[in-house]
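Below is one structure, written out as C-alpha cells, with a few remarks after it.
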Amino acid sequence: MKHLSSVVYALVLFGLLIPATAFAKASLGFSISASTDGYFSSTLVEVKVASVKAGSPSEKAGLKVGDLILDINGKPVKGANGLAMKKILGGVKSGEHLLLKVQRGREGVLVIDIVAGP
C-alpha cells in the first residue's frame with residue numbers, strides 16, 4: 001500500500017492527476033516599459049503601460065497605454081525591486097484581481113481593478 005501512495009503522490013506532483021488548466025497562466029493583456037535607477041540595477045523608478053491588448057481584461061478594466069503605474073496590489077512601484085514586481089504580476093491566477101493605482105495625465109490618480117482571464 002505504501003508503494004501505491006508514493007505513485008499517487010508522484011502523479012499529483014507531476015500534474016498527471018491535476019487538470020491542465022490548473023497550470024495555465026492568467027491573461028492580463030497588457031505590457032509595460034520600466035526604467036530603473038541604473039544600468040545594472042533592478043530598482044524601479046518608473047513603470048508605464050506600453051500596450052493594452054484589445055478585448056483583454058486590462059482593456060475591459062479601463063487601463064490605457066501611457067498610464068504610469070504607481071503601485072501594484074498596494075505595493076509602491078517606485079523604489080521596488082523589479083524582479084519582485086515581475087513575480088507579483090506573473091503570480092496572478094485566472095479569476096484573481098490585480099489592483100493598479102495609475103496616474104493618467106489630467107485625470108489624476110485612478111485605481112484599475114483587473115480580473116485576470118483564463
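The values are calculated or read from the model by the stated rules, or taken from the named source; none is laboratory data. On a predicted model such as this, the values are computed, not experimentally measured, just so you know. Note: ideal-geometry Cβ built from the backbone for every residue, glycine included; neighbour counts use all protein chains shown. Note: areas computed on protein heavy atoms with side chains; ligands, DNA, RNA excluded. Shrake-Rupley method; radii C 1.70, N 1.55, O 1.52, S 1.80 Å.
Mind telling me which of the residues Leu28, Leu11 ends up being aliphatic (A, V, I, L, M), surrounded by 11 or more Cβ atoms within 10 Å (Cβ to Cβ) and at pLDDT 90 or above?
Leu28
Residue by residue through segment 33-49, note down the ones that are out of contact with any Phe, Trp or Tyr (no Cβ under 6 Å at 6 or more places or on another chain), in a strand (DSSP E or B) and surrounded by 13 or more Cβ atoms within 10 Å (Cβ to Cβ).
Correct list: Ala34, Thr36, Leu44, Val45, Glu46, Val47, Lys48.
If I ask for residues that are under 9 Å from Phe30 (Cβ atoms), of a type in the set (D, E, K, R) and in a loop (DSSP other than H, G, I, E, B), which ones from segment 50-66 would you list?
Passing the criteria: only Lys53.
Pick from Val65, Val115: which is at pLDDT 90 or above and open to solvent by 80 Å² or more (accessible area, probe 1.4 Å)?
Just one listed residue meets the conditions, Val65.
In segment 68-83, which residues are part of a helix (DSSP H, G or I) and surrounded by fewer than 13 Cβ atoms within 10 Å (Cβ to Cβ)?
Leu83
Which of the residues that make up segment 90-100 are touching a Gly at 6+ places or on another chain (Cβ under 8 Å) and at pLDDT 95 or above?
Selection gives Leu99 alone.
Mind listing whichever residues of segment 90-112 are surrounded by fewer than 17 Cβ atoms within 10 Å (Cβ to Cβ) and in contact with a strand residue (DSSP E or B) (Cβ under 8 Å, 6 or more places away or on another chain)?
Answer for segment 90-112, where residues must be surrounded by fewer than 17 Cβ atoms within 10 Å (Cβ to Cβ) and in contact with a strand residue (DSSP E or B) (Cβ under 8 Å, 6 or more places away or on another chain): Ser94, Gly95, Glu96, His97, Leu99, Gln103, Arg104, Val109, Leu110, Val111.
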